[in-house]
1. Gap in Å between the Cα centre of the stretch 112-131 and the Cα centre of the stretch 391-441?
2. What does the C-alpha gyration tensor say about the overall shape of the stretch 247-369? Classify as rounded when a/c is under 1.5, otherwise prolate if a/b is larger than b/c, or oblate.
3. Relative contact order for the chain using alpha-carbon pairs under 8 Å, separation at least 6, rounded to a whole percent?
4. For the stretch 359-376, take each phi angle, set θ = phi - 60°, evaluate the Karplus expression 6.51 cos²θ - 1.76 cosθ + 1.60, and give the result in whole Hz per residue in order, putting x for glycine and proline.
5. Quick one: Cα centre-to-centre distance for the stretch 311-389 and the stretch 31-104, in angstrom?
6. Relative to the longest principal Cα axis of the chain, at what angle does helix 237-247 sit, 0 to 90 degrees, rounded to 10?
7. Sequence gap at least 6, Cα distance under 8 Å: using those rules, report the relative contact order of the stretch 31-123 to the nearest whole percent.
8. Could you calculate the FRET efficiency of Asn309 with Asp359 from 1/(1 + (r/R0)^6), where r is the beta carbon distance between them and R0 is 35 Å, rounded to 0.05?
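Just so it is clear, none of the values below were taken in a lab; they were calculated from the coordinates. Computed from a prediction, not measured in an experiment: that's the story for all the values here. Neighbour counts run over all protein chains shown; Cβ positions are idealised from the backbone, glycine included.
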Amino acid sequence: MAGVGMVGPAHAASYGTPKISLSASYLSGAVGATGDPTVTVTISQSGADASALTVTAAKTSKSSVAATSDVTATGSGGARTVAVTAHAQGYTDLTLQVTGLGGKTASKVLHYAASPAVRFAADSRYLTGASDASAAVDVGGGYMVVANDEDNTLRLYSRAASGAPVKTWDLDDALDADKEVDIEAATRVGDTVYWTGSLGNNKDGEYKADRNTVFTTTVSGSGASTSLTFGKAYHKLRDDLVAWDKANGNHYGFAAGTADGEIPKEIDGFNVEGLEFAPGSTTTAYIGFRAPLAPAVPGGRALIVPVTNMDKVVTGTKAAFGAPIELDLGGLSIRDLRKNAAGQYLIIAGSWAADDNSDPYVLYAWDGVPGHAPVKKLDLPTTDAGGWESVVDVPDLTQPGARVELITDDGDADLYGDGTQAKDLDHPEWQKSRSTWFTLG
């Protein structure tokens, strides 16, 4: 690789041993990716100007993943930026070496992992630090806040670049939560962001109280300077939904779907994955269900239940409900639901099943009006790892070539070919979800 800096006069006795440190010891990339994450290498040598030092890759443990020639260092002075170009899925240990004046050297190992190429590499970015992205909201200035359904931490990411979150907010204490809320959906009204847990049982069919949560955060600032403060939370929306369905003849089977031992990701289960407000309203929220499917037609219809007082629910008021809405999404259910200021909605439709990575995902447009049919916009690719979970925001759908950013949940994916699910990887730098831009026809 081409190093940065030049070798000065060789007076070995007058120079100390170089020092080298890495901003992270673990780094993730992807084959064919644009703008992969980098590491900062800090170097110094007693008695020498840091700009005279050279950073190179001296060794790789698996050249098929990334060879020494695939490592580049840029910058000058005491901080260099090191990037890696991946050639194959897998792991390799890269030995980064600083060569100082007098020929003295020092080295550090960078543990590198590469995921396979994806179909839309040029339009994809990777959000590292967590793998189960489940909801996202735009906060302006090219940044977004992303929830992860395996913890209660909200993360601020650039919408244009791959890499780690710029900021994080751990809400365990604010939510008084022992386990994950299983955040699955979010929407923003003014400076208030509403978030909801899945409200269902866990994967073993057990009731976990923390999942029965809706809460708010308040946004201040924008872009990389965004700040979040916790608002209020309500822990009985699931109970209110079950009581409402019972009062209406158990039409959707909410009581049965939430019973002890019932798995949420079944066609007759109970699992929320969509949250958005009704057209022109800041009080009536649409709750979109992954399960159950409404039993109206063969294959089922996707279900939305309007909560008509969501602004009051998060302050502790019992939920009130409007007439349910059933949408024909071709036998698929709601995986996310998002609208823009003009009242144009996008729906990610996917399977209700737990193991659904090979099942279809379809993007629909809708006007939010009960009785009006959604319109299919795009078949989403399913050949790559992860399931489509989040719409960041909705562009003007009347504009030709409108672009939308969608995010995958990669928690169950074997990103690096060793049989380990991303959510179980030991190092958060290797955990990631994928953000991809699509052009809507």
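1. Using only Cα atoms, the two centres lie 8 Å from each other.
2. Values: a/c = 1.79, a/b = 1.14, b/c = 1.57.
Oblate is the answer for the stretch 247-369, as a/c is 1.5 or above yet b/c matches or exceeds a/b.
3. On the way: 1272 pairs, mean separation 56.8, N = 441.
Rounded, it is 13 percent for the chain.
4. My calculation for the stretch 359-376 gives 7, x, 10, 9, 9, 10, 9, 8, 9, x, 8, x, x, 8, 7, x, 10, 5 Hz in order.
5. Cα centroid to Cα centroid, the span is 44 Å.
6. Roughly 20 degrees between the two axes.
7. Numbers: 192 pairs, mean separation 31.9, N = 93.
Relative contact order for the stretch 31-123 comes out at 34 percent.
8. Once rounded, the FRET efficiency stands at 0.50.
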